[in-house]
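Contents: one structure, followed by commentary.
The values are calculated or read from the model by the stated rules, or taken from the named source; none is laboratory data. These figures come from a predicted structure and were not determined experimentally. Here Cβ is always computed from backbone atoms with ideal geometry, including for glycine, and neighbour counts include all displayed protein chains. These area figures cover heavy atoms from the full protein model, side chains too; ligands, DNA and RNA do not enter into them. Shrake-Rupley method; radii C 1.70, N 1.55, O 1.52, S 1.80 Å.
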Amino acid sequence: MFDGVAKRYDITNTVLTGGVDYYWRRVTRKALALRPGERVLDLAAGTGVSTVELAKSGAWCLAADFSQGMLAAGRWRNVPMVAADAMALPFADDSFDAVTISYGLRNVSDPDLALREMLRVTKPGGRLVVAEFSTPTFAPFRTVYMEYLMKALPRVATGVSSNPDAYVYLAESIRAWPNQPQLAMRIADAGWSAVRWRNLTGGIVALHRAYKLG
């Protein structure tokens, strides 16, 4: 499915979010608190647009994605890329100072296994940031948002995406995804410590941050 939307994926996301996706990427980079020389895994990186943002920190950032079509669409970007399965990462234990996954965890068949794999490849003392669509905290806004997801989003996608049906899946997957406390619990259950979250844009997106203890 993601191979099929790769060509116009980035522009579609910008249109559907009204350009707020740029802000979400910047905040994700800042939440990771990256330092020059650190090694960072950007999982479910798609075309690498998120990896380019992370690389502004001076860290060495690797884009990894299960969809080879997405990676191919972003080959022109000046970041290293590799095809990888989040549930069986092709990296040694304790390889990265930080790991992040943006809007991809809910697309993994077993998110809990993926969280454990991310823990495995992170160095002791390293950190995780999960950026994912979540549940708006203000009830009236939540109602409007859910209406947009299920009705307006697929219609808008029809005009800009190369595969509008994929965005019906997108809307349904967001609606079915755990809310902020539920996801925090699953991250902790995978072995991560000091799990906290921050809501962005009223809770449309939540950044969950955690650490790997010794």
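Of the residues making up segment 81-106, those that are open to solvent by less than 50 Å² (accessible area, probe 1.4 Å), out of contact with any Pro (no Cβ under 6 Å at 6 or more places or on another chain) and not in a strand (DSSP E or B) are ALA86, LEU89, PHE91, SER95, TYR103, GLY104, ARG106. Mind checking which pairs have a first residue in segment 58-78 that is among the aromatic types (Phe, Trp, Tyr) and a second that is surrounded by fewer than 22 Cβ atoms within 10 Å (Cβ to Cβ), Cβ under 6 Å, 6 or more apart or different chains? Pairs found: TRP60/ARG39; PHE66/ASP85.
Would you pick out the residues in segment 112-137 that are assigned to a helix (DSSP H, G or I) and either closer than 26 Å to ALA59 by Cα or among the β-branched types (Val, Ile, Thr) (or both)? Hits for segment 112-137 are ALA114, LEU115, ARG116, GLU117, MET118, LEU119, ARG120, VAL121.
Taken over segment 20-54, the residue count meeting the criterion of being open to solvent by less than 40 Å² (accessible area, probe 1.4 Å) and closer than 20 Å to GLY126 by Cβ is 16.
Restricting to segment 184-199, count the residues that are more than 15 Å from ARG116 (Cβ to Cβ) and buried (at least 17 other Cβ atoms within 10 Å of the Cβ).
2
Residue check: is LEU170 buried (at least 18 other Cβ atoms within 10 Å of the Cβ), part of a helix (DSSP H, G or I), within 18 Å of the chain's Cα centre (by Cα) and modelled with pLDDT under 85? For LEU170, the condition - buried (at least 18 other Cβ atoms within 10 Å of the Cβ), part of a helix (DSSP H, G or I), within 18 Å of the chain's Cα centre (by Cα) and modelled with pLDDT under 85 - is met.
Entry remark, segment 54-70: residues being at pLDDT 95 or above, assigned to a loop (DSSP other than H, G, I, E, B) and touching a strand residue (DSSP E or B) at 6+ places or on another chain (Cβ under 9 Å) number 2 in total.
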